[in-house]
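Values in this text are rule-based calculations from the coordinates and carry no lab data. Just so you know, these numbers come straight off a predicted model, no measurement behind them. Cβ placement follows ideal geometry from the backbone for every residue including glycine, while neighbour counts extend to all protein chains displayed.
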């Protein structure tokens, strides 16, 4: 029997992409997109930067206008899925109604790892995950004079750059010894450290959060793990996320860090797929190890792959991961995964804030980080998507140029 | 409301009513034009919204610069009138603009 309906849980990049791609692939059955947030589905990346700064409005963040969903017969249901009944292929909703599915796609994303120190429930403390978070935060950023950021990852630093640009004194607490330590090379961390310091951001490395102090229910200061007290009317944290696996767990699906899927992005139930931030998949670029990636690219490409499979065009997921972050005048684009990198070759000039770092594991090029060298990023994606591999010796040659190399080695 | 025509590589035409102030990429994605994924949402990070400005209009835009220029330099099938449509802001004077989409969108 051919597939007659697809229910998608979660309306972030991955969930919306499945719906759009299903129609593009010619799927004629019912598509229901269950969204537990108000309004039309929107893109999250601007929440910590352009939207927060007021550079773009809420409409510009939407994936599609309402007419698109109507025209494409994509049913938007504002509700929360309470449970999955695998036996009867049905999801139960908080509102009490239920949806039958031919296939179910879990695109439930992740939530911010919460702060767990005394004072964490005071006002003026934010993670940034939803438009509602950004809407509350936006006016406060403009008023705040003392801002403390917990965690020097992408989100924390994007926000630190925004807060510094708005004139606040910004202190960043980070347990590691450099910015974005889990995501980028030491060379790239150093460029960003210097840039943020240039914008007035103060880093406190190897420093945790001990306590949040408040006045009248609002945060007024933070105490660091080394006993210092920093004034703060506004605290923003970005200390990682936790995949939203609860539904899948309760339904008895295999869980391993995220919802465990195979290379086709199927869960342990052949009628249920999972994708995006919540899915742990065997990653080609990570030695086939189960990997969970939190990125737009991953959600979008996995969404396309699932849609293609559901219309009878199965393929293993092998897409090259890529990421970006915008901080102040810096655009960092990363192609590939640098896990296990042990050798780096740099191109460009860190002092001029134009730097690419080629990350090798042994002789194998595994990732390229480009700051304000977007052309390198485009080439890196071409090079990393297929052999022959670029060796460190070739990359370290005088006047090495990625574009020339790619042209000379194009298959 | 300016009308912009997007022509897919296979010749399929899409006439899109665009809002002044939105990007051409967004006008296309909002209207469901295939062939413009616009994966990064207009952050000029992914180069998936490449299009060729019709010759008749080529002289009416400021040339690509900065990040857009650098990325375009390295996209597949670059032509002199290539633009990343997330960086093309729709103006009232763009009624009738034609944008052609490349065979490979990257």
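List of remarks:
- On the principal axes of its alpha-carbon atoms, region A:131-199 has extents of 35, 24, 16 Å, going from largest to smallest.
- Pairwise centroid distance, computed over Cα atoms, of region A:304-381 with region A:225-247, Å: 27 Å
- Distance from the alpha carbon centroid of region B:37-85 to that of region A:151-194 works out to 30 angstrom.
- Remark: spin-label model distance residue A:165-residue B:65 equals 1.8 nm, labels positioned 7 Å along the Cα→Cβ axis.
- Gyration tensor verdict on region B:6-106 (Cα atoms; rounded if a/c is under 1.5, prolate if a/b is larger than b/c, oblate otherwise): rounded
- The protection proxy used here, the mean number of other Cβ atoms lying within 10 Å of each residue, ranks peptides A:153-165, A:224-236 as follows, highest first: A:153-165, A:224-236.
- Mean partner shielding of peptide B:69-75, defined as the number of other chain Cβ atoms within 10 Å of each residue Cβ, is 6.
- Global geometry of the protein assembly as shown, whether rounded, prolate or oblate, following the gyration tensor of its Cα atoms and the 1.5 cut on a/c: rounded
- By average C-beta atoms within 10 angstrom, highest first, the peptides B:57-68, A:267-278: A:267-278, B:57-68
- Global geometry of region A:288-365, whether rounded, prolate or oblate, following the gyration tensor of its Cα atoms and the 1.5 cut on a/c: oblate
- Whole-number percent relative contact order across chain B, with pairs defined as alpha carbons under 8 Å at least 6 apart: 42 percent
- The ranking of A:97, A:48 from fewest to most other beta carbons within 10 Å of each one's beta carbon is A:97, A:48.
- Contour minus Cα-Cα distance for residue A:288 and residue A:268 (0.36 nm per residue): 5.5 nm
- Paramagnetic reach from residue A:394 (point 7 Å along Cα→Cβ, amide N under 20 Å) across region A:283-297: A:285
- Computed over chain A, relative contact order equals 14 percent, with contacts defined as Cα pairs under 8 Å that lie 6+ residues apart.
- Annotation: peptides A:29-37, A:246-254, ranked by per-residue average of other Cβ atoms within 10 Å with the highest first, follow the order A:29-37, A:246-254.
- Applying 1/(1 + (r/R0)^6) with r as the Cβ-Cβ distance of residue A:71 and residue B:10 and R0 = 35 angstrom yields a FRET efficiency of 0.95.
- Inter-centroid distance (Cα atoms) of region A:58-75 relative to region A:109-145, Å: 28 Å
- Stretching the chain fully between residue A:132 and residue A:55 yields a gain of 26.0 nm (0.36 nm per residue, less the alpha carbon separation).
- Take the Cβ atoms of residue A:143 and residue B:57, set R0 to 41 Å, and the FRET efficiency comes out at 0.40.
- Inter-chain Cβ neighbour average for residues B:24-37, partner chain, 10 Å: 3
- Averaged over the residues of peptide B:40-51, the number of Cβ atoms from other protein chains lying within 10 Å of each residue's Cβ is 6.
- Beta bridge orientation in region A:237-313: antiparallel %, DSSP, nearest 5: 75 percent
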